[in-house]
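Heads up: the structure comes next, in structure tokens.
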Amino acid sequence: MSVADAVQEAPTKSRTERIVNDFAIQVATVNGSGSQTANLVLLRSIFQMGVPVSGKNMFPSNIAGLPTWYTIRASAKGYISRKKEVDFLVAMNVETAKEDVLTLPPGAAALYDEPLKLNELRNDVVFYPVPFDKLINPITTDAKLRRLVRNMIYDGVLSKLLSIDMGQMEKALRKQMGKKEKAIALNMGALKAGYDYAEANLPKLDPFVVEPMNKTDGLILIEGNAAAAIGCMMAGVTFVGWYPITPSSSLCESLIDYLKKYRRDPETGKATYAVIQAEDEIAALGMVLGAGWMGARSMTSTAGPGLSLMGEFTGLGYYVEVPAVIFDVQRVGPSTGLPTRTAQQDILSAAVLSHGDTKHPLLLPASVNECYTMAMDAFDLAERLQTPIFVMTDLDLGMNTWMSPTFEYPTKPLDRGKRLDAAKLKELENDWGRYRDVDGDGIAYRTVPGDGMPSYFARGSGHNEKAQYSERADDYANNLDRLARKFDTARTLVPKPEIEVVRGAKIGVIGYGTTHWAIVESRDELRNESKIETSYLRLRAYPFTKEVFDFINTHDRVYLIEQNRDAQMLSLLKMECNVEQFAKLRSILHYVGLPIDGRSVTEELVKQERGQ
Amino acid sequence: MATEAPVQPPAPGKKINRIGLEPVAYRGSKTTLCAGCGHNAITERIIDSFYELGIDPTQVIKLSGIGCSSKAPAYFLNSAHGFNSVHGRMPSVGTGAVVANRKMIAIGISGDGDTGAIGIGQFVHLMRRNLPIVYIIEDNGCYGLTKGQFSPTADLGSTLKTGVINDLPPIDTCALAIELGASFVARSFSGDPKQLKAILKAALSHKGTSMIDVISPCVTFNDHEGSTKSYAYVKEHDEPLSEVSFVPFFEDITVEYEAGTTKEVTLHNGGRVVLSKLSEDYQPTDKMSAIRVLHETMARGEYATGVIYIEPDKTDFVDMLGMVDEPLASLPQSKTRPGKQALDEIMESFR
Ligand SMILES: Cc1ncc(C[n+]2csc(CCOP(=O)(O)OP(=O)(O)O)c2C)c(N)n1
Ligand code: SF4
């Protein structure tokens with residue numbers, strides 16, 4: 001079939017309006033085909049044109065050959081959560097092409113590899129066939145290189161069709177490739193071939209265009225894991241014990257790169273840190289606790305399966321009172337689940353991880369900037385509270401590319417917590433007890449080996465204020481009560497929620513983590529489409545602070561929106577609510593392995609309100 | 001090691017060591033283990049060794065897992081920090097601790113269940129890393145604390161008090177440690193104070209992993225006729241590999257061993273281990289003969305005791321990490337938080 005035929009079949013009349021800077025492009029490929037460069041160049045070019053973007057990778061748990069989708073959303077309004085509908089499909093994967101096309105909304109556009117003949121599938125979508133193989137042949141004779149740069153052709157075609165500036169494409173490509181001039185030349189060749197082909201053969205029939213704006217001035221594009229790594233380095237981390245697991249590996253891997261570069265002693269060139277790849281997550285946390293007990297700023301990062309393995313040691317850290325920072329980049333479980341998909345499914349298990357009466361502070365970053373700042377908060381809190389602190393991010397935040405203002409250099413000095421020193425010891429009249437609450441905040445003074453202060457015996461078995469072995473009822477209960485008091489102190493120290501109260505709004509919405517971005521969009525939709533006004537509280541930590549309960553008190557109905565099946569955060573909240581508060585709480589849940597989108601929130605909230 | 005500490009003038013009539021401390025400074029809380037338990041005897045030898053070497057107890061960290069044996073760190077060196085961790089996981093806690101402060105001397109106490117069963121994975125990796133630590137297995141062939149079940153070092157054919165026969169072969173932790181990369185591997189018997197103390201002192205002077213398997217009968221659950229780790233059995237089947245005499249460089253001891261029968265190994269701090277060879281061609285620095293001796297004695301139902309293997313100059317794990325000399329744990333903010341310029345440069349790379 002000729003190009004002209006394909007074009008004729010497309011619905012030339014369906015959409016004549018222009019849709020500027022408000023659509024989602026989805027690139028469907030197989031993993032291992034080298035499409036990541038082309039996708040990031042596309043994302044970055046739009047970003048460089050000043051248009052707010054977000055990029056989300058839906059990839060399989062596999063190294064090569066399975067379907068992958070990369071979605072780029074351009075949004076003049078700055079919405080950066082996933083957009084439910086795909087507006088422009090780039091169909092490169094034979095296996096999924098048919099379904100990818102059939103699920104497009106009417107009026108969407110599809111660019112595809114010509115031999116796939118996708119245009120025969122429906123007539124309410126604009127089709128752009130592109131003969132990739134024919135176009136790539138003149139560019140290089142090397143079969144491997146052809147495969148790698150082939151994807152740049154769709155960038156070229158899109159540049160023409162969507163009016164994305166070719167100069168920006170080249171700039172983005174250079175940014176992506178660094179100084180590899182030969183590779184740049186090859187990729188530019190493919191990019192240009194796509195552009196020229198589109199110019200000569202593909203008249204514009206869809207409404208989507210990118211127009212320059214100025215909404216990304218001064219912003220950066222970064223993944224949450226890299227942001228967290230920068231935060232850890234700035235927090236003065238000195239010990240890292242870790243075990244690889246998707247989606248957390250890139251956190252420690254970027255950290256290793258930064259540490260190598262920025263954390264060498266200027267005089268000796270030696271490392272001011274240690275990173276150990278442990279034999280498993282049990283050992284990783286064991287090492288972190290050993291180092292934390294010694295006084296190091298120590299951390300690990302993991303995902304659900306690793307978190308499960310860390311259970312016993314987390315309880316030890318809680319009871320012996322050793323600082324530790326644990327990043328949980330959440331993915332879909334149970335078990336191996338969908339290891340490359342996102343979720344907020346470890347909230348409940350992290351909050352009470354281990355046996356016995358345990359509870360742990362959780363920090364809940366929603367943005368890459370918070371990955372950075374909360375990494376620093378986590379180390380300070382761990383040493384201040386002398387306990388394991390969890391930073392609960394997720395795959396969406398950790399591994400996808402997000403816009404952000406540049407990170408601010410920390411002005412607050414490191415908080416090394418309550419450490420016994422000679423002056424304090426004198427003040428205590430030489431009568432120091434490792435677990436004695438002298439300040440009434442549940443936090444005792446600690447010593448570390450080698451600091452010249454009195455020693456103590458750290459043990460997971462029952463102990464008294466002096467850290468001596470004890471099975472006495474009063475020693476046990478007093479200690480456990482003090483730990484509860486310490487948790488109440490944590491309540492006053494963890495980051496407070498971010499609250500937007502809308503006057504007259506009867507409905508309150510609570511969210512946390514990446515769910516935030518869908519809520520932002522949904523609240524606009526609710527206001528504009530359904531005249532529903534909502535107030536909003538974004539949780540930034542557990543334990544819940546007073547503001548959370550005040551928020552519930554001042555609204556009639558409160559929806560807690562999260563990405564798991566069992567309303568995990570809601571369950572934690574209900575544990576602390578009174579009867580009236582309890583009765584106001586509703587739940588909106590999303591657990592399909594894809595990041596939550598605004599539309600889904602809106603539909604569910606409206607539905608529940610109607611059933612009111 | 002605090003070998004440079006100044007010698008204090010002794011108070012008249014008091015027994016003190018070279019850093020002026022009395023033996024009592026090396027004691028711990030009163031033991032709560034059964035009377036006659038081999039673990040107690042080992043504790044006594046640990047106390048003797050630290051005292052005689054004149055190691056400052058405040059510069060020591062004591063680590064353990066869970067079990068009767070793992071309770072032992074509470075019974076020696078009261079002024080040292082201790083960490084009684086979780087079952088089988090002392091190696092990881094020890095790894096983090098030793099790396100965080102390379103200046104401290106680490107001693108880890110484990111049991112044969114703690115090491116050979118639940119903790120075998122961490123044990124393997126500790127040996128492989130050659131972490132500088134003295135790692136002692138108090139080996140009674142059973143689980144003491146949970147009341148007498150077989151452990152993975154119980155010998156084939158040995159019986160429980162209840163008459164149950166063990167039909168699985170034992171794990172030889174010494175052979176395993178040698179194979180995996182530990183650079184000082186020894187076996188001894190809780191009831192042989194002279195040899196045990198000499199080995200402990202040598203181990204404390206070695207840089208790298210010193211793994212000592214000490215056969216330590218459990219008088220309550222495993223000291224009966226069918227047990228191959230009972231006092232009676234071990235006394236009869238103990239084959240001293242070599243006489244060990246440890247000579248720290250600050251003690252001027254002349255060794256009275258006939259020329260040709262001793263093997264001297266110099267340790268990192270200048271101390272030397274002198275091994276009296278019983279077997280003509282035994283080479284403690286030769287991996288192959290070490291493994292062979294273990295297999296041969298094992299086949300005869302005997303325990304080779306003594307220092308079985310030493311690799312004195314092997315690079316240890318802490319050195320491999322290329323860290324600053326100061327303990328990581330006490331680095332000031334000026335060394336751990338990069339300047340604003342670093343952050344600016346990183347931010348620029350994401351524009
Ligand atoms: C995770 C876990 N599982 C089981 C136990 C129960 N437990 C405590 S000590 C022990 C065995 C100890 O045997 P061993 O290490 O040989 O030491 P011994 O008491 O013989 O000195 C077991 C199974 C535990 N504490 N933790
Ligand atoms: S039960 Fe056995 S191992 Fe435990 S203290 Fe008693 S004798 Fe020792």
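Each row is one residue, and each column tells you yes or no for (1) open to solvent by 20 Å² or more (accessible area, probe 1.4 Å); (2) assigned to a loop (DSSP other than H, G, I, E, B).
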residue	(1), (2)
A:Val329	no, no
A:Gln344	no, yes
A:His355	yes, yes
A:Phe379	no, no
A:Val391	no, no
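Can you confirm whether region A:488-505 contains a residue that is free of Cβ contacts under 8 Å to residues at least 12 places away in the same chain, surrounded by fewer than 14 Cβ atoms within 10 Å (Cβ to Cβ), of a type in the set (D, E, K, R) and more than 25 Å from B:Phe83 (Cα to Cα)?
Within region A:488-505, one or more residues are free of Cβ contacts under 8 Å to residues at least 12 places away in the same chain, surrounded by fewer than 14 Cβ atoms within 10 Å (Cβ to Cβ), of a type in the set (D, E, K, R) and more than 25 Å from B:Phe83 (Cα to Cα).
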Discussion item. Can you go through A:Ser298, A:Ser349 and tell me which one is in the same structural domain as A:Cys252 (by TED's automatic domain parsing), surrounded by 24 or more Cβ atoms within 10 Å (Cβ to Cβ) and hydroxyl-bearing (Ser, Thr, Tyr)?
Written reply: A:Ser298
Item to complete: Would you point out which residue out of B:Ala72, B:Ala80, B:Ala41, B:Ala25 is away from ligand 1 (no atom under 16 Å from the Cβ), of a type in the set (A, V, I, L, M, F, W, C) and either closer than 22 Å to B:Thr115 by Cα or buried (at least 24 other Cβ atoms within 10 Å of the Cβ) (or both)?
Response: B:Ala80
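Given the criteria part of a helix (DSSP H, G or I), more than 12 Å from ligand 2 (Cβ to nearest atom) and either farther than 28 Å from A:Thr300 by Cβ or modelled with pLDDT under 95 (or both), does B:Ile55 qualify?
No, not satisfied.
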Fill in: Meets criteria (assigned to a helix (DSSP H, G or I) and more than 7 Å from chain B (Cβ to nearest Cβ)) for A:Glu267
no
Worksheet item: Got a sec? Which of B:Thr146, B:Thr153 is within 16 Å of ligand 2 (Cβ to nearest atom) and open to solvent by 10 Å² or more (accessible area, probe 1.4 Å)?
Response: B:Thr146
Item to complete: Tell me, yes or no, whether region B:64-74 has at least one residue that is within 16 Å of ligand 2 (Cβ to nearest atom), away from chain A (no Cβ under 14 Å) and of a type in the set (Val, Ile, Thr).
Response: no
Worksheet item: Does B:Leu168 qualify as being of a type outside the set (Val, Ile, Thr) and either within 16 Å of ligand 1 (Cβ to nearest atom) or more than 30 Å from B:Gly322 (Cβ to Cβ) (or both)?
Response: yes
Worksheet item: Can you name every residue in region A:270-307 that is of a type outside the set (Lys, Arg), at the interface with chain B (Cβ under 10 Å from one of its Cβ atoms) and assigned to a loop (DSSP other than H, G, I, E, B)?
Response: A:Thr272, A:Tyr273, A:Ala278, A:Glu279, A:Asp280, A:Gly295, A:Ala296
Fill in: Residues located in region A:8-32, provided they are open to solvent by less than 20 Å² (accessible area, probe 1.4 Å) and modelled with pLDDT under 80
A:Ala10, A:Pro11
Worksheet item: If you scan region A:222-263, which residues turn out to be farther than 22 Å from A:Leu381 by Cα and either within 9 Å of another protein chain (Cβ to nearest Cβ) or of a type in the set (S, T, N, Q) (or both)?
Response: A:Ile222, A:Thr246, A:Ser249, A:Ser250, A:Ser254, A:Tyr258, A:Lys261, A:Tyr262, A:Arg263
Worksheet item: Scanning for something within 16 Å of ligand 2 (Cβ to nearest atom) and not polar (S, T, N, Q), does region B:88-106 turn up at least one residue?
Response: no
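Residue-by-condition table, conditions (1) in a loop (DSSP other than H, G, I, E, B); (2) open to solvent by 30 Å² or more (accessible area, probe 1.4 Å); (3) at pLDDT 95 or above:
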residue	(1), (2), (3)
A:Pro106	yes, yes, yes
A:Asp124	yes, yes, yes
A:Leu145	no, yes, no
A:Asp155	no, no, yes
A:Glu170	no, yes, yes
A:Leu173	no, no, yes
Worksheet item: Exactly one of (1) open to solvent by 70 Å² or more (accessible area, probe 1.4 Å); (2) within 7 Å of another protein chain (Cβ to nearest Cβ) is unmet by B:Gln341. Its number?
Response: (2)
Response to the item:
Inside region A:509-536, the number of residues satisfying the requirement of being closer than 21 Å to A:Pro595 by Cβ and either in a strand (DSSP E or B) or in contact with a Cys (Cβ under 7 Å, 6 or more places away or on another chain) (or both) is 6
Discussion item. Tell me whether region A:361-368 contains one or more residues that are of a type in the set (Val, Ile, Thr), within 14 Å of the chain's Cα centre (by Cα) and either within 14 Å of chain B (Cβ to nearest Cβ) or in a helix (DSSP H, G or I) (or both).
Written reply: yes
Worksheet entry | region A:411-439: number of residues that are within 37 Å of the chain's Cα centre (by Cα) and assigned to a loop (DSSP other than H, G, I, E, B) | 9
Worksheet item: In region B:85-94, what residues are assigned to a loop (DSSP other than H, G, I, E, B) and either facing chain A (nearest Cβ under 8 Å) or buried (at least 24 other Cβ atoms within 10 Å of the Cβ) (or both)?
Response: B:Ser85, B:Val86, B:Gly88, B:Arg89
Discussion item. Condition first: among the aliphatic types (A, V, I, L, M) and surrounded by 14 or more Cβ atoms within 10 Å (Cβ to Cβ). Now tell me which residues in region B:318-337 satisfy that.
Written reply: B:Val318, B:Leu321, B:Met323, B:Val324, B:Leu328, B:Ala329, B:Leu331
Worksheet item: What pairs can you find where one residue is in region A:548-575 and open to solvent by less than 10 Å² (accessible area, probe 1.4 Å), the other is in a loop (DSSP other than H, G, I, E, B) and basic (Lys, Arg), and their Cβ atoms are less than 8 Å apart, with a gap of 6+ or different chains?
Response: A:His555/A:Lys506
Practice prompt. Give the number of residues within region B:301-317 that are in a loop (DSSP other than H, G, I, E, B) and either within 16 Å of B:Leu200 (Cα to Cα) or open to solvent by 20 Å² or more (accessible area, probe 1.4 Å) (or both).
Written response: 7
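Listed here are the residues, each with its yes/no results for (1) more than 7 Å from chain A (Cβ to nearest Cβ); (2) in a loop (DSSP other than H, G, I, E, B).
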site	(1), (2)
B:Ser79	no, yes
B:Gly96	no, no
B:Val99	no, no
B:Arg102	yes, yes
B:Ala106	yes, no
B:Ile109	yes, no
Discussion item. Any residue in region B:133-153 that is within 14 Å of another protein chain (Cβ to nearest Cβ) and under 17 Å from B:Asp223 (Cβ atoms) sitting within a Cβ distance under 8 Å of a residue that is within 13 Å of ligand 2 (Cβ to nearest atom) and open to solvent by 10 Å² or more (accessible area, probe 1.4 Å)? List the pairs, counting only those 6 or more apart or interchain.
Written reply: B:Leu145/B:Ile66; B:Leu145/B:Gly67; B:Leu145/B:Cys68
Response to the item:
B:Leu126 passes all but one of the listed conditions (1) within 14 Å of another protein chain (Cβ to nearest Cβ); (2) free of Cβ contacts under 8 Å to residues at least 60 places away in the same chain; (3) among the aliphatic types (A, V, I, L, M); (4) within 16 Å of ligand 1 (Cβ to nearest atom); the exception is number (2)
Worksheet, complete the sentence: Of the residues in region A:418-456 that are acidic (Asp, Glu) and within 14 Å of chain B (Cβ to nearest Cβ), the one that is surrounded by the most Cβ atoms within 10 Å (Cβ to Cβ) is A:Asp451
Item to complete: Kindly indicate whether A:Leu483 is part of a strand (DSSP E or B) and at negative phi.
Response: no
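The values are calculated or read from the model by the stated rules, or taken from the named source; none is laboratory data. Keep in mind the model is a prediction, meaning the values are calculated, not measured. Reconstructed Cβ throughout: ideal geometry from the backbone, glycine too, with neighbour counts over all protein chains shown. Just the protein is used for accessible areas: all its heavy atoms, side chains included, with ligands, DNA and RNA removed. Shrake-Rupley method; radii C 1.70, N 1.55, O 1.52, S 1.80 Å.
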